[in-house]
Amino acid sequence: MKNIKPYPTEEELPPIQTVNEVDFAGYYSYADYMRFEFEERLEIIKGHIFRMSPAPNRIHQKISGRISNPIYNALNGYKCEVYTAPFDVRLAKKTQLDKEIFTVVQPDIVVVCDQSKLDKRGCIGAPDIVVEILSPGNNKKELINKYEVYEEAGVKEYWIVSPSDKSFFRYILDDHGKFQPTKLLTIGEEVTTSILPGFTLVLEKVFED
């Protein structure tokens, strides 16, 4: 009788050592993502691979710090935690098995208030706040693809920050699980959120210089 070799398990699958081995027309899970051994950062949205923008420039990093630092300072007394990229967020649907998670993203900033969602690999489940700082070339991904997965996952607030326009825009999840847009804010205005009582983000300080 001919021996039939069983299909390899996730642990037995070979690593993916270079980005050239990635099939950008293929369908990938978080289990596949964990096999990536190259330095280039990729995200998976609904099973499809997306290249991330090149390493954030100085302005991008400065704005990230000017948003994450006030959040961190406001967390005293709260169980919420703030993380900045690179930080994996796995948006599971049916189960938390690696092979059945088809969206893993690296937002610029996340706030997670449910400690059970945090593990050694990042966050599994919807953060309370997701912040994306737009870079040239990634606007479509942030505004369309990520909007859909963040809404479906139940992210409570989705902040979009545009350094080029010096603007701040926020979607807030309503009681029906749908994002509702808010007013476009810019220099001279402030941001507050019910998720972090007492927190105030002064946009003039975010965008100065």
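FYI, it's all coordinate maths here, none of it is from the lab. If you're wondering where the values come from, they're calculated on a predicted model, not measured in any experiment. Here the Cβ is made from the backbone with ideal geometry for all residues, glycine too, and neighbour counts use every protein chain on show.
Could you put ASP128, ASP165 in order, starting from the residue whose Cβ has the fewest other Cβ atoms within 10 Å?
Details: ASP128 19, ASP165 12.
Ranked by crowding around the Cβ, least crowded first: ASP165, ASP128.
On alpha carbon coordinates alone, what is the Rg over Rh value for the range 58-207, Rh being the Kirkwood radius? Let's see the in-between values first.
Numbers: Rg = 14.7 Å, Rh = 15.7 Å.
On the Cα set of the range 58-207, Rg over Rh gives 0.94.
Starting from the 7 Å offset along Cα-to-Cβ, what nm value, one decimal, do you get for the label separation of ILE59 and GLN115?
4.1
Would the range 10-51 count as rounded, prolate or oblate if I go by the C-alpha gyration tensor, calling it rounded below 1.5 in a/c and otherwise prolate when a/b exceeds b/c, oblate otherwise? Please report the intermediate quantities before stating the final value.
On the way: a/c = 1.67, a/b = 1.20, b/c = 1.40.
Oblate, because a/c is 1.5 or more while a/b does not exceed b/c.
Note down the relative contact order for the chain as a percent, whole number, built from C-alpha pairs under 8 angstrom at least six residues apart. Kindly include the intermediate steps, with their values, before the conclusion.
Numbers: 358 pairs, mean separation 32.3, N = 209.
Reported as a whole number, the value is 15 percent.
Fewest first, what order do ILE71, ILE124 take by the number of other Cβ atoms within 10 Å?
Working: ILE71 22, ILE124 19.
Ascending Cβ contact count within 10 Å gives the list ILE124, ILE71.
Based on other C-beta atoms within 10 Å, arrange LYS120, LYS140 from fewest to most. Please report the intermediate quantities before stating the final value.
Details: LYS120 4, LYS140 9.
If I rank by nearby Cβ atoms, fewest first, I get LYS120, LYS140.
With axes computed from alpha carbons, what is the tilt in degrees of helix 58-74 against the longest principal axis of the chain, rounded to the nearest 10 within 0 to 90?
So the inclination is approximately 70 degrees.
What residue among ILE144, ILE195, PHE24 has its Cα farthest toward the positive end of the dipole of the chain, where the charges are +1 on Lys, Arg and -1 on Asp, Glu, each on the Cβ?
Highest projection toward the positive end goes to PHE24.
Per-residue ellipticity at 222 nm for the chain, helices alone: DSSP H runs ≥ 4 residues times -39500 (n - 2.57), over residue total, nearest 500 deg cm²/dmol?
Details: 4 runs with 33 residues, N = 209.
After summing the helix terms and dividing by residue count, I get -4500 deg cm²/dmol.
Excluding residues on the same chain fewer than 8 positions from LYS99, give the lysines whose Cα lies under 20 Å from its Cα.
LYS46, LYS117, LYS120
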